[in-house]
1. State which residue pairs qualify: first residue at positive phi and without any contact (Cβ under 8 Å) to a residue 12 or more places away in the chain and inside the stretch 29-52, second residue surrounded by 12 or more Cβ atoms within 10 Å (Cβ to Cβ) and assigned to a helix (DSSP H, G or I) in any location, beta carbons under 7 Å apart, and separation of 6 or more residues or different chains.
2. Out of all the residues in the stretch 44-52, is one or more over 21 Å from residue 85 (Cα atoms), over 10 Å from the mean Cα position of the chain (by Cα) and surrounded by 16 or more Cβ atoms within 10 Å (Cβ to Cβ)?
3. Going through the stretch 17-28 one residue at a time, which ones are surrounded by fewer than 16 Cβ atoms within 10 Å (Cβ to Cβ) and free of Cβ contacts under 8 Å to residues at least 24 places away in the same chain?
4. Yes or no: residue 40 assigned to a helix (DSSP H, G or I) and within 11 Å of the chain's Cα centre (by Cα)?
5. Say whether the condition of being within 23 Å of residue 7 (Cβ to Cβ), assigned to a helix (DSSP H, G or I) and either modelled with pLDDT of 95 or more or out of contact with any helix residue (DSSP H, G or I) (no Cβ under 8 Å at 6 or more places or on another chain) (or both) is met by at least one residue in the stretch 47-58.
6. Which members of the stretch 5-32 meet the condition of being touching a helix residue (DSSP H, G or I) at 6+ places or on another chain (Cβ under 7 Å) and part of a helix (DSSP H, G or I)?
């Protein structure tokens, strides 16, 4: 995927985290939902674009790496949101 897709997806998922912040959910719950949406959405996007198989077919190392990267992205996005609002 190109940089435009990565940036567009990142901005969109940041917006999703902001919208979750408008709900009555706690910051922790909103962050957990954000992580699920971020990782699940990416997994479906990879499959839809023909980039990768569904996650249960991934090698363990690739799955752990992807989960870790999305966890960091979600945690940082949530931390920035919470610190600002």
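1. If the second residue must be surrounded by 12 or more Cβ atoms within 10 Å (Cβ to Cβ) and assigned to a helix (DSSP H, G or I), no pairs are left.
2. Residues of the stretch 44-52 that are over 21 Å from residue 85 (Cα atoms), as a first pass: 44-52.
Cutting the leftovers down to over 10 Å from the mean Cα position of the chain (by Cα) gives us 44-52.
With surrounded by 16 or more Cβ atoms within 10 Å (Cβ to Cβ) added as a condition, the list becomes 46.
Yes, because at least one residue in the stretch 44-52 is over 21 Å from residue 85 (Cα atoms), over 10 Å from the mean Cα position of the chain (by Cα) and surrounded by 16 or more Cβ atoms within 10 Å (Cβ to Cβ).
3. Kept after step one, since they are surrounded by fewer than 16 Cβ atoms within 10 Å (Cβ to Cβ), are these residues of the stretch 17-28: 18-19, 22-28.
Correct list: 19, 22, 23, 24, 25, 26, 28.
4. Values: assigned to a helix (DSSP H, G or I): yes; within 11 Å of the chain's Cα centre (by Cα): yes.
Answer is yes for this residue.
5. First pass over the stretch 47-58, keeping only residues within 23 Å of residue 7 (Cβ to Cβ): 47-52.
Narrowing further to those that are assigned to a helix (DSSP H, G or I): 47-48.
Among the residues that remain, those that are also either modelled with pLDDT of 95 or more or out of contact with any helix residue (DSSP H, G or I) (no Cβ under 8 Å at 6 or more places or on another chain) (or both) are: 47-48.
Within the stretch 47-58, one or more residues are within 23 Å of residue 7 (Cβ to Cβ), assigned to a helix (DSSP H, G or I) and either modelled with pLDDT of 95 or more or out of contact with any helix residue (DSSP H, G or I) (no Cβ under 8 Å at 6 or more places or on another chain) (or both).
6. 13, 14, 16, 17, 18, 20, 27, 30, 31
The values are calculated or read from the model by the stated rules, or taken from the named source; none is laboratory data. These figures come from a predicted structure and were not determined experimentally. As a convention, Cβ positions derive from the backbone with ideal geometry for all residues, glycine included, and neighbour counts pool all protein chains shown.
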